[in-house]
Amino acid sequence: MQYKAGKTIGLIDVRRRPGKPTQGLVSVGSLVFPCALGRGGTTVLKREGDGATPLGEMRLLYGYFRGDQATGGPPECRFSMTRIDARDGWCDASGDRNYNRPVRLPYLASHERMKRQDRLYDVCMVSDWNMHPAIRNRGSAIFFHIAKPGFPPTEGCIAVSPLAMARILPLIGPGTRIRVHR
């Protein structure tokens, strides 16, 4: 399917693979790609640390990229993209005032480093899951990012291959939503 320049796909559909609760299929228009889902499968009642991918709809807000990998520049996309550096983190401490928000490292409360050695966040799109407002223990850092080879489970995110991400990014933009189905 050909897409017109400037036009974005409004919805990314994610469906679980039958018999594989930690894997799914991502549909973007007529394109379909395998993906990894959370180690806890999918859930309606998302809780911090459960490892599940939340069911429902999330809007993609903005992204991060590793400028020291591959070409070094931002990927082709219509989102605001921030180059990750060693001081970028994401707070996952549900009692902290910065819960489910980016933070600068070092940070005293529990957090995740955005600059990872495993390259999962070479491209990382932030969803609005539990953001406005962030509700204690409802889950944090639900991202759309790069999968490990073989699509092992994530901690609750949706992850695709680097090739799939490169194909998807130019087709989506602000206002694109991800809908995770049962």
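Rule-based calculations on the coordinates, nothing more; no lab input. What you see is a predicted model, and the numbers here were worked out from it, not measured in a lab. Neighbour counts are summed over all protein chains in view; Cβ atoms, including those assigned to glycine, are modelled from backbone coordinates with ideal geometry.
What is the antiparallel percent of DSSP beta bridges lying wholly in the range 11-180, to the nearest 5?
Numbers: 31 of 44 bridges.
Taking every DSSP beta bridge within the range 11-180, about 70 percent pair in antiparallel fashion.
In whole Hz, what ³J(HN,Hα) sequence does the range 139-152 give by Karplus (6.51, -1.76, 1.60; θ = phi - 60°), x for Gly and Pro?
Values, residue by residue: x, 9, 6, 8, 10, 10, 9, 7, 8, 6, x, x, 6, x Hz.
PRE reach from ALA86 (point 7 Å along Cα→Cβ): which of the range 102-119 fall under 19 Å by backbone N?
Taking a point 7 Å out along Cα→Cβ of ALA86, the residues of the range 102-119 whose backbone N falls under 19 Å are 103-108, 111-119.
Can you give me the Kirkwood hydrodynamic radius for the range 11-180, using every pair of distinct Cα atoms, in Å to one decimal?
Numbers: mean 1/r = 0.0629 Å⁻¹.
Hydrodynamic radius (Kirkwood, Cα pairs) of the range 11-180 is 15.9 Å.
Once amide H atoms are placed 1.01 Å from N in the peptide plane, what residues at a sequence separation of 5 or more from THR154, or on another chain, have their amide H within under 5 Å of its amide H?
Here LEU37, GLY38, ARG39 satisfy the definition.
Given the C-alpha centroids of the range 2-54 and the range 64-132, what is the distance between them in whole angstrom?
Distance between centres, Cα-based: 20 Å.
Could you work out the helix-only [θ] at 222 nm for the chain, with each DSSP H run of four or more residues adding -39,500 (n - 2.57) and the total divided by the number of residues, to the nearest 500 deg cm²/dmol?
Working: 1 runs with 7 residues, N = 182.
For the chain, the value works out to -1000 deg cm²/dmol.
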